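Engineer: Questions regarding the structure given below will be posed in turn.
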Amino acid sequence: MLTLYNDRHALHHGQREMFRGEMVPCFEIPARADFVLAELKRRGLGAIETPAAFDDAVIARVHAPRYLDFLRGAWDEWVALDPANAQRDAFPSYWPIRTFRSDVLPASFPARMGLFSYDAGSPLTSGTWAAAYAGAGCAIVAAQRVLAGERAAFALTRPPGHHAGADFFGGYCFLNNAAIAAQTLRDAGAARVAVLDIDYHHGNGTQAIFYERADVLVTSLHGDPHTEYPYYLGYADEQGAGAGKGFNRNLPLPRGTGFEAWRAALTDALAGIAAFRPDALVVSLGLDTFAGDPIAGFTLQSDDYLRIGEDLARAGLPTVFVFEGGYAVAEVGVNAVNVLEGFAEGAG
Ligand code: SP5
Ligand code: ZN
């Protein structure tokens, strides 16, 4: 399988994140992508390329211009607040919850940082924009290559994307790579695109971006938000709105779910996708469903990821895989490549 690798991913390198009142070492670290790349090479799964250049217009069709302006300049504004900030990751301190305005763009950088985010767990670093932008390029080119006839392609990038909405970051995500891939497929002529999100956490950003659209079906399998991050979205009764009514599908599963029950939900998800008759599939490939994941609660084993790849191949669709979560760093390479190899074998 063709891989589009973001060779700038390590420019995003958060040190610590807020967790229950203390700053703990980041889970979303550069080594994650390094392990996946090393495993791809070790198993010789296919060509690995880095896009030299790409047309970035689609990014502004997914994300709001004022959010993109903010992200592009955020690090420089953070350092301008205080030169000592050059040694500290940027975090929001204020958020406009209900009753506050979001139409006014404050001059204050910390105020804008809160306007464009929803948690304190997603450090913004000196190279976050460069890494996220290059990663979006990998998603764009992966989609283009699939449209040009590749059976599948894998965007190997970080930071991840599925929690990022049209105008906010959070959940370690800044640009929504899966949404950007899906929009690229639509713009190039795919009439209907399905996004299947198998990260442990609900893909709230992807859901929100396509919630009122009937051309992109979003389906997500994830830990029940009653107890699991991102808590405020991802429930089964969220089925889309307006023209998008019926084109969003959430399959929340209880913490502790094992592969048998998880796979039954995948079968259900794939049946819904088949009924939609999409021209292409985007898979938000999170590996934090693994039993050994430090921040998640399902119990999948490494071999199970081969079966997932085989099941996905049976959908018979041109497929773009986008790397999302997965924090058992030493195993994330094997688990990711197991999905891709299972798919490649299943696709014949
Ligand atoms: C892309 C992705 O998987 N984002 C996940 C963001 C989760 N952020 C909240 C993490 C909560 C950390 N819990 C630590 C538990 C330590 N035992
Ligand atoms: Zn996740």
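Engineer: Hey, which of the helices (runs of 4 or more DSSP H) in the range 1-88, taking only ones fully inside, have at least 3 residues that are farther than 17 Å from Ile180 by Cα?
Structural biologist: Output list reads 31-43, 65-81.
Engineer: Among (1) within 16 Å of ligand 1 (Cβ to nearest atom); (2) hydrophobic (A, V, I, L, M, F, W, C); (3) in a loop (DSSP other than H, G, I, E, B); (4) open to solvent by 20 Å² or more (accessible area, probe 1.4 Å), where does Ala236 come up short?
Structural biologist: Status for Ala236: all satisfied but (1).
Engineer: Could you check, for the range 29-45, whether at least one of its residues is in contact with a helix residue (DSSP H, G or I) (Cβ under 8 Å, 6 or more places away or on another chain) and over 20 Å from Asp288 (Cα atoms)?
Structural biologist: Yes.
Engineer: What is the residue count in the range 159-204 for residues that are among the polar types (S, T, N, Q), within 19 Å of Ile273 (Cα to Cα) and within 11 Å of ligand 1 (Cβ to nearest atom)?
Structural biologist: 1
Engineer: Let me ask something additional. Scan the range 38-47 for residues that are in contact (Cβ under 8 Å) with a residue 60 or more places away in the chain and surrounded by fewer than 20 Cβ atoms within 10 Å (Cβ to Cβ) and report the count.
Structural biologist: So the count comes out to 4.
Engineer: Working carefully through the options Gly297, Gly272, find the one that is open to solvent by less than 50 Å² (accessible area, probe 1.4 Å) and more than 14 Å from ligand 2 (Cβ to nearest atom).
Structural biologist: Gly272
Engineer: Got at least one residue in the range 323-340 being polar (S, T, N, Q), buried (at least 21 other Cβ atoms within 10 Å of the Cβ), assigned to a helix (DSSP H, G or I) and at pLDDT 95 or above?
Structural biologist: Yes; the residues of the range 323-340 include at least one that is polar (S, T, N, Q), buried (at least 21 other Cβ atoms within 10 Å of the Cβ), assigned to a helix (DSSP H, G or I) and at pLDDT 95 or above.
One line per residue, one yes/no per condition, for (1) touching a His at 6+ places or on another chain (Cβ under 6 Å); (2) more than 16 Å from ligand 2 (Cβ to nearest atom):
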residue: Pro25; (1), (2): no, yes
residue: Ile29; (1), (2): no, no
residue: Ile48; (1), (2): no, yes
residue: Tyr94; (1), (2): no, yes
residue: Asp103; (1), (2): no, yes
residue: Leu124; (1), (2): no, yes
residue: Ala131; (1), (2): yes, yes
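Engineer: What are the residues in the range 214-229 that are surrounded by fewer than 19 Cβ atoms within 10 Å (Cβ to Cβ) and either without any contact (Cβ under 8 Å) to a residue 24 or more places away in the chain or farther than 23 Å from Thr267 by Cα (or both), if any?
Structural biologist: His226, Thr227
The values are calculated or read from the model by the stated rules, or taken from the named source; none is laboratory data. Owing to the predicted nature of the structure, the values given are computational and were not obtained by experimental measurement. Please note: Cβ atoms are built from the backbone with ideal geometry, for glycine as well, and neighbour counts cover all protein chains shown. When the accessible area is computed, the model is the full protein with side chains, heavy atoms only, and any ligands, DNA or RNA have been set aside. Shrake-Rupley method; radii C 1.70, N 1.55, O 1.52, S 1.80 Å.
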